[in-house]
Structures are given as structure tokens and as C-alpha cells.
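*Asks:* Below is one structure. I have some questions about it.
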Amino acid sequence: MNNKISVGDKVVMNDNYRVSEKNKGIEFVVRSKPFDLCGTVCVMLENYRGGYALDGLTKVK
């Protein structure tokens, strides 16, 4: 699961999904454990409304 993303990790949105210009390259902090949303594993991100698909995120080192 994407290098074991956990609460508190910093992530960026990758190109698996369309990413708006305002969110490209922005580091978000994961604020929830992964959860199922209609068959897609998602997490909540700080300063982002709603869940975001886990496979659309890349962990920042």
C-alpha cells in the first residue's frame, strides 16, 4: 500500500489521477488512517476537503 502511508506522513498527489494546478507539487499531511470509500482506499489530508485515493499519493521522504 504505497510505502505504508501513515497519519502524519507528508505526501504529494501523483499522476494516477487528474490533479488541479493549485494542488500540483503541494505537500499535504495525512490526517487519517486509510479507509474504504465506495471500494477505493482513501485517506484524509490536512487542508484538503474530502478523502483522497491512497494510490494517487506519493510519500515525501
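Readers should treat all values here as calculations from the given coordinates under stated rules, not as data from a laboratory. Only a predicted model underlies this, so the values are computations on that prediction, with no experimental measurement involved. Please note: Cβ atoms are built from the backbone with ideal geometry, for glycine as well, and neighbour counts cover all protein chains shown.
*Asks:* Just want the ordering: ILE5, ILE26, from fewest to most Cβ atoms lying within 10 Å of their own Cβ.
*Replies:* ILE26, ILE5
*Asks:* Label 7 Å along Cα→Cβ of SER20; region 32-61 residues with amide nitrogen under 11 Å?
*Replies:* Within reach of a label on SER20, which here means backbone N under 11 Å from a point 7 Å along Cα→Cβ, region 32-61 contributes 48-49.
*Asks:* For a protection proxy built on the mean count of beta-carbon atoms within 10 angstrom, sort 48-59, 12-23 highest first, please.
*Replies:* The most tightly packed comes first, giving 48-59, 12-23.
*Asks:* Sticking with this one: Would you mind working out the magnitude of the charge dipole of region 10-59 relative to its Cα centre, with +1 at each Lys and Arg C-beta and -1 at each Asp and Glu C-beta, to the nearest 20 Debye?
*Replies:* Dipole size: approximately 140 debye.
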